[in-house]
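Notes to accompany the following structure.
The values are calculated or read from the model by the stated rules, or taken from the named source; none is laboratory data. Note that the structure is predicted; figures quoted are calculated from it, not measured. Here Cβ is always computed from backbone atoms with ideal geometry, including for glycine, and neighbour counts include all displayed protein chains.
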Amino acid sequence: MRQKIVAGNWKMNNDLKESLKLISEVANMVTDEVSNDAVVIVSAPFTNIYALDQWKTGSSAVDKIKLAGQNCCWEESGAYTGEVSAKMLKSIGADYVILGHSERRQYFAESNSQLAKKVDLALKHELIPIFCVGETLQEREQGIHFDVIKSQLKEGLYHLIKSVFKTVVIAYEPVWAIGTGLTATPEQAQEVHAYIRQLIAEGYDEETAESVSILYGGSCNPSNAASLFSQKDIDGGLIGGASLKSRDFTDIIKTFNS
Ligand code: PEP
């Protein structure tokens, strides 16, 4: 059975006080209302992760919510002003790190080869990468979206040996659906998720392909989560805007309640 996962990407939102308020609301709702065993992840700005971890440790939500960074450096340490390393993230309570988000690729020119280095450092420091792939609108219109996704996966992840590859989480996030209110239809999303799983089967094997969780991201909300998550190859979501509202985020997680 693949792990069901709902990860909230807060992006550059929420100062410390707002972060603590939001996580406590989410924790209360998750504790009271969620009856499934989906892994719930909150990916907060670097500055707030330590406080969130401290808060979590003293609450009943300690095991219910995992923390993630939104990026980490491609180098272990050194003269990289403004960067945060995988080791640092691990030391403040993160268990996951989002890598290759389209906003990082677009605004910070992150390349697949740089991302491959980040993946290695994350894994070295026991952070599970949530590795994002996805095409722009132009690439979809040109009909090259499958090729784009193939390159992102191959160049970013395929250097991993099978046992390590199995531990990684993949997020398919069509760039045209992120923060736009446009969602991929369940059929469009399923088509790409099945393609990614097929690529993994070809690069590794069937068993590996069947064990990796693949999340959908792109304007996912409480109204469309159920139809997306019911698709055979969609194992949950990476949620941006809707993760900033405790009610919406919890309702998305509850989609997995039986
Ligand atoms: C994201 O940024 O990963 C994302 C999916 O954002 P949104 O849900 O707001 O489209």
Next on the checklist: Please go through segment 109-139 and give me each residue that is surrounded by 19 or more Cβ atoms within 10 Å (Cβ to Cβ) and without any contact (Cβ under 8 Å) to a residue 40 or more places away in the chain, ordered by number.
Outcome noted: 110
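Can you pull out the residues in segment 76-117 that are in contact with a strand residue (DSSP E or B) (Cβ under 6 Å, 6 or more places away or on another chain) and outside any loop (DSSP other than H, G, I, E, B)? Show your work before the answer.
Our first condition is that a residue be in contact with a strand residue (DSSP E or B) (Cβ under 6 Å, 6 or more places away or on another chain); within segment 76-117, this holds for 89, 93-101, 115.
Correct list: 89, 96, 97, 98, 99, 115.
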Checklist outcome for this item: If we ask which residues in segment 192-233 are within 16 Å of the ligand (Cβ to nearest atom), of a type in the set (Gly, Ala, Ser), within 16 Å of residue 130 (Cα to Cα) and out of contact with any Pro (no Cβ under 8 Å at 6 or more places or on another chain), their number turns out to be 2
Checklist entry - Restricting segment 163-191 to residues that are within 14 Å of the ligand (Cβ to nearest atom) and assigned to a helix (DSSP H, G or I), which is surrounded by the most Cβ atoms within 10 Å (Cβ to Cβ)? => result 189
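Does residue 239 count as at pLDDT 95 or above, under 14 Å from residue 38 (Cβ atoms) and near the ligand (Cβ under 10 Å from one of its atoms)?
On the way: at pLDDT 95 or above: yes; under 14 Å from residue 38 (Cβ atoms): yes; near the ligand (Cβ under 10 Å from one of its atoms): yes.
Here the answer is yes, as residue 239 does meet what is asked.
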Next on the checklist: Going by what's in this entry, would residue 52 be described as in contact with a Ser or Thr (Cβ under 8 Å, 6 or more places away or on another chain), at pLDDT 95 or above and at negative phi?
Outcome noted: yes
Next on the checklist: Quick check on my filter: what residues within segment 9-23 are under 23 Å from residue 216 (Cα atoms) and either in contact with a His (Cβ under 6 Å, 6 or more places away or on another chain) or exposed (fewer than 12 other Cβ atoms within 10 Å of the Cβ) (or both)?
Outcome noted: 12
